[in-house]
Amino acid sequence: MLNVDVNKLAELINKNVPGANATVSVPEDIKKCDSSVTVEASKIYSVVEFLKTNKEMPFNSLQVISGVDWVEWMEVCYMMAHFDLQNPREFILKVKLTDRVNPSVDSIVHHYAAANFQEREVYDMFGIRFNNHPDHRRILCPDDWQGYPLRKDYVAQKDYNGMAVYPDSKMNFEDREFIVRQDMIKKAQEAKAQ
Amino acid sequence: MQSRWDIGEPEKPTINKDTEQLKSELLTLNMGPQHPATHGVLRIEIWTDSEVVAHAIPHLGYLHRCMEKHAENLDYRGVIPFVDRLDYLAAMNMEWTYVAAVEKMLGTEVPRRGELIRIMTAELQRIASHLMAFGTYALDLGAFTPFLYAFEEREKILRLFEEVSGARLLYNYIWIGGVWNDWTDEQLARVSAFCDTMEEEAKKYNELVSMNKIFVQRTANVGIFSLQDCFDYGATGPVLRGSGMKWDLRKNAPYSLYSEFDFDVPVGEAELGQVGDCWNRYYVRMKEVIQSIRIIRQVLEKLEPGSVMGKVPKVIKLPKGEVYMRHECPRGELGIHLVSEGDSKQPYRLKVKSPCFTHTSMLPRIAPGQMIADFVASVGSIDIVLGEVDR
């Protein structure tokens with residue numbers, strides 16, 4: 001986070017975008033972690049439009065869109081940046097999606113062309129749909145891949161077009177044995193302590 | 001009796017306006033996945049109208065290893081070798097960005113010597129990466145010799161890295177809290193000698209390639225990104241600077257000890273061609289090599305004996321929260337979004353913002369209207385590494 005007063009920014013958003021309901025989340029240790037602004041998922045299109053076009057605190061570039069799966073809810077983080085030699089800015093904008101089965105949020109490709117590939121990646125990895133996206137396909141995984149890999153409950157498919165995924169012959173059994181051994185040592189130590 | 005030659009009145013030719021016109025469909029061509037000009041396994045589907053590209057669609061994912069998922073199952077130290085494998089030509093910069101994100105959340109102090117050595121290795125790596133970009137770009141455009149010149153100098157850097165880290169390409173050298181090994185005085189003397197020869201070599205490269213008539217004709221005024229495009233697509237690094245924006249994180253939002261150093265930020269100044277074209281992007285890299293040499297020389301002056309590793313807890317556990325850290329890497333700004341759930345040995349989420357991914361998304365923007373050969377020059381000029389695009 002760079003040169004952004006999140007409280008002021010949240011106020012600005014609330015004043016100019018009705019219903020955005022911007023809230024600031026500040027970490028316990030402000031030196032170590034970044035704070036962020038969370039807005040209503042349904043208002044993201046107008047919030048981003050406001051951030052891009054306002055005079056007071058504009059952001060001319062979208063760096064990256066990142067998703068986080070918190071199991072109870074999904075989060076989409078937009079890293080906004082302003083490239084300016086005197087006044088560089090950067091902050092994290094978030095939306096919360098409570099629907100895990102069919103999560104969807106409005107696309108912002110209209111405002112930032114960078115969002116095209118970034119939103120496709122979030123869809124590929126988390127299964128979050130972006131409404132009105134011009135080219136809504138998977139990007140890194142094959143088009144016919146099942147499941148969304150970065151979800152916490154993801155289980156890889158066994159078979160892909162007749163090919164075995166994670167065949168036993170290619171698994172590293174030493175790793176597995178190592179973990180089992182570590183568990184045994186831990187249990188033995190606990191028993192000893194008791 | 002009807003003669004067998006008599007076939008009646010000849011049929012009048014009728015022109016069916018729907019079918020008789022010239023075929024005007026676009027031809028679909030696949031550039032890659034195994035194509036020498038794509039620097040790895042990138043497939044670009046090109047729709048061509050004879051020699052002219054009408055539309056280009058990049059297809060990514062051939063090198064996808066889902067490194068972000070792997071990171072969720074490793075402890076914080078264990079992620080470093082995986083981060084190496086993102087941009088394998090600039091592994092030191094990748095490591096440093098990730099490590100800096102962890103250090104910020106941990107609140108670790110890095111000793112001054114460790115921090116200076118990090119700057120030196122990062123700048124050496126930047127030179128090595130730009131040399132690779134220079135060599136392969138000339139190779140794309142049909143000149144083989146510069147590649148060999150570039151590798152001769154790059155080899156010296158790799159030798160030094162091999163001595164201090166044990167590996168030539170994927171180092172695992174920058175650790176949380178400092179660096180693994182100290183450099184000896186003899187190695188530092190060799191760095192100093194390398195700076196002298198590299199400065200001379202850079203002049204030679206400029207005479208040999210940058211100002212070469214054929215090279216200039218292939219690259220100048222080709223594949224122009226306007227500044228507005230760069231902001232719109234989120235371009236960073238040499239692509240943004242080639243388009244005339246004097247933006248460098250090391251200067252505009254200094255991290256580590258960069259604020260102590262005296263160096264310039266090279267931008268595309270249209271010595272040849274126009275701002276934002278392939279030649280200017282390329283030439284920004286050549287100018288950056290000189291600036292990196294300046295920084296390394298200052299590091300060598302500032303280095304004083306001391307420890308290179310700070311105090312780090314044996315088991316690293318980060319507080320609950322998140323951090324977005326970005327560093328200036330040879331290909332642009334690498335961003336690490338690290339999320340910790342608190343009281344856990346593993347990252348909850350690690351997202352890598354890859355500059356090459358962003359720049360690949362810009363290819364459809366410049367492709368329409370270009371000749372295929374010019375498109376090859378454009379792909380080479382953004383200097384993509386597919387390990388970083390696909391992660």
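The values are calculated or read from the model by the stated rules, or taken from the named source; none is laboratory data. Keep in mind the model is a prediction, meaning the values are calculated, not measured. Cβ sites come from the backbone with ideal geometry, for glycine too, and all protein chains shown count toward neighbours.
The number of residues in region A:40-70 being away from chain B (no Cβ under 13 Å) and within 14 Å of the chain's Cα centre (by Cα) comes to 1. When region B:316-351 is filtered for residues that are among the basic types (Lys, Arg), crowded, with 24+ Cβ neighbours inside 10 Å and in a loop (DSSP other than H, G, I, E, B), only B:ARG331 remains.
Looking at A:GLN86, A:GLN63 in this structure, which one is under 25 Å from A:ILE30 (Cα atoms) and out of contact with any strand residue (DSSP E or B) (no Cβ under 9 Å at 6 or more places or on another chain)?
A:GLN86
Here region A:139-194 is the region considered, the condition is being touching a residue at least 24 places away in the same chain (Cβ under 8 Å) and either surrounded by fewer than 10 Cβ atoms within 10 Å (Cβ to Cβ) or out of contact with any strand residue (DSSP E or B) (no Cβ under 7 Å at 6 or more places or on another chain) (or both), and the residue that is farthest from the other protein chains (Cβ to nearest Cβ) is A:ASP153.
Filtered by the rule that a residue be touching an Asp or Glu at 6+ places or on another chain (Cβ under 9 Å) and aromatic (Phe, Trp, Tyr), region B:355-391 gives a lone residue, B:PHE357. Evaluated against (1) without any contact (Cβ under 8 Å) to a residue 24 or more places away in the chain; (2) loosely packed, with under 14 Cβ neighbours inside 10 Å; (3) of a type outside the set (D, E, K, R), A:THR98 falls short on exactly one condition, (1).
Given the criteria among the aromatic types (Phe, Trp, Tyr), out of contact with any strand residue (DSSP E or B) (no Cβ under 8 Å at 6 or more places or on another chain) and modelled with pLDDT under 90, does B:TYR88 qualify? Yes. Name the residues in region B:255-293 that are surrounded by fewer than 16 Cβ atoms within 10 Å (Cβ to Cβ), not polar (S, T, N, Q) and not in a loop (DSSP other than H, G, I, E, B), would you? The answer is B:GLU260, and nothing else. Just need a number here: residues in region B:353-382 that are part of a strand (DSSP E or B) and within 9 Å of chain A (Cβ to nearest Cβ). Going through region B:353-382 one residue at a time, the tally reaches 1.
The residues of region B:233-248 that are closer than 15 Å to A:VAL64 by Cβ and touching a His at 6+ places or on another chain (Cβ under 9 Å), listed by number, are B:TYR233, B:ALA235, B:THR236, B:GLY237.
Looking only at region B:81-100, count every residue that is within 14 Å of another protein chain (Cβ to nearest Cβ) and either outside any helix (DSSP H, G or I) or surrounded by fewer than 24 Cβ atoms within 10 Å (Cβ to Cβ) (or both) and tell me the total. Total satisfying the criteria: 2.
Residues of region A:92-118 that are in a helix (DSSP H, G or I) and either away from every other protein chain (no Cβ under 11 Å) or farther than 24 Å from A:ALA10 by Cβ (or both): A:ASN116, A:PHE117.
All conditions but one from (1) closer than 24 Å to B:HIS64 by Cβ; (2) buried (at least 21 other Cβ atoms within 10 Å of the Cβ) apply to B:ARG365; the one that does not is (2). Take region B:28-74 and flag every residue that is assigned to a strand (DSSP E or B), more than 12 Å from chain A (Cβ to nearest Cβ) and under 19 Å from the mean Cα position of the chain (by Cα). Across region B:28-74, the qualifying residues are B:HIS35, B:GLY40, B:ARG43, B:ILE44. A:GLU119 - would you say it is closer than 30 Å to B:GLN228 by Cα, modelled with pLDDT of 90 or more, touching a strand residue (DSSP E or B) at 6+ places or on another chain (Cβ under 7 Å) and among the charged types (D, E, K, R)? For A:GLU119, the condition - closer than 30 Å to B:GLN228 by Cα, modelled with pLDDT of 90 or more, touching a strand residue (DSSP E or B) at 6+ places or on another chain (Cβ under 7 Å) and among the charged types (D, E, K, R) - is met.
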